[in-house]
Amino acid sequence: QVQLVESGGGLVQAGGSLRLSCAASGRTFSNYPMGWFRQAPGKERVFVATITGSGANILYADSVKGRFTISRDNAKNTVYLQMNSLKPEDTAVYYCAAGPRFTAQPMAYDYWGQGTQVTVSS
């Protein structure tokens, strides 16, 4: 089992920044690709970014490319999502998820956090 806890969400004005964190406990963190997904009200959960266990490979959704940065610190069992130049359309609940596959498909992830709300005002 892997337990995931997100933090760092909040209310920010358009153009601002936030950094989300996802702390993991349980099985060996570095073995798992980690992903970030988001879900806006009334919409399905969609891919944001993912990173391999070593951090060597990263994939971003086109909608966040150039604005968001995913990273991980395996010594701290934590994955981060730095979000810059935020837009109102980034408003959503953000979830982190753990492996076992490096993919944009949410169904491929076995473990999920409870989510953290990000609200971007115009």
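If you go through segment 25-45 and keep only what is under 20 Å from MET83 (Cα atoms), open to solvent by less than 20 Å² (accessible area, probe 1.4 Å) and either aliphatic (A, V, I, L, M) or not in a loop (DSSP other than H, G, I, E, B) (or both), you end up with MET34, GLY35, TRP36, PHE37. Selection of segment 8-20 for residues being open to solvent by less than 60 Å² (accessible area, probe 1.4 Å) and either in a strand (DSSP E or B) or over 21 Å from ARG67 (Cα atoms) (or both) yields GLY10, VAL12, LEU18, LEU20. When residues in segment 28-42 are screened for being without any contact (Cβ under 8 Å) to a residue 60 or more places away in the chain and under 20 Å from LYS65 (Cβ atoms), 1 of them pass. Of all the numbered requirements in (1) surrounded by fewer than 16 Cβ atoms within 10 Å (Cβ to Cβ); (2) touching a Gly at 6+ places or on another chain (Cβ under 7 Å), THR50 misses one, and that requirement is (1).
Conditions tested, residue by residue: (1) at pLDDT 95 or above; (2) of a type in the set (Phe, Trp, Tyr); (3) in a strand (DSSP E or B).
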site: GLU6; (1), (2), (3): yes, no, yes
site: CYS22; (1), (2), (3): yes, no, yes
site: PHE47; (1), (2), (3): yes, yes, yes
site: ILE70; (1), (2), (3): yes, no, yes
site: GLY99; (1), (2), (3): no, no, yes
site: PHE102; (1), (2), (3): yes, yes, no
site: VAL120; (1), (2), (3): yes, no, yes
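If you go through segment 73-100 and keep only what is open to solvent by 40 Å² or more (accessible area, probe 1.4 Å), in contact with a strand residue (DSSP E or B) (Cβ under 6 Å, 6 or more places away or on another chain) and either of a type in the set (Ser, Thr, Tyr) or under 26 Å from ASN31 (Cβ atoms) (or both), you end up with ASN77, GLN82.
The values are calculated or read from the model by the stated rules, or taken from the named source; none is laboratory data. Keep in mind that what you see is a predicted model, and the values were worked out from it rather than measured. Here the Cβ is made from the backbone with ideal geometry for all residues, glycine too, and neighbour counts use every protein chain on show. Areas reflect the complete protein model, heavy atoms only, side chains present, ligands, DNA and RNA absent. Shrake-Rupley method; radii C 1.70, N 1.55, O 1.52, S 1.80 Å.
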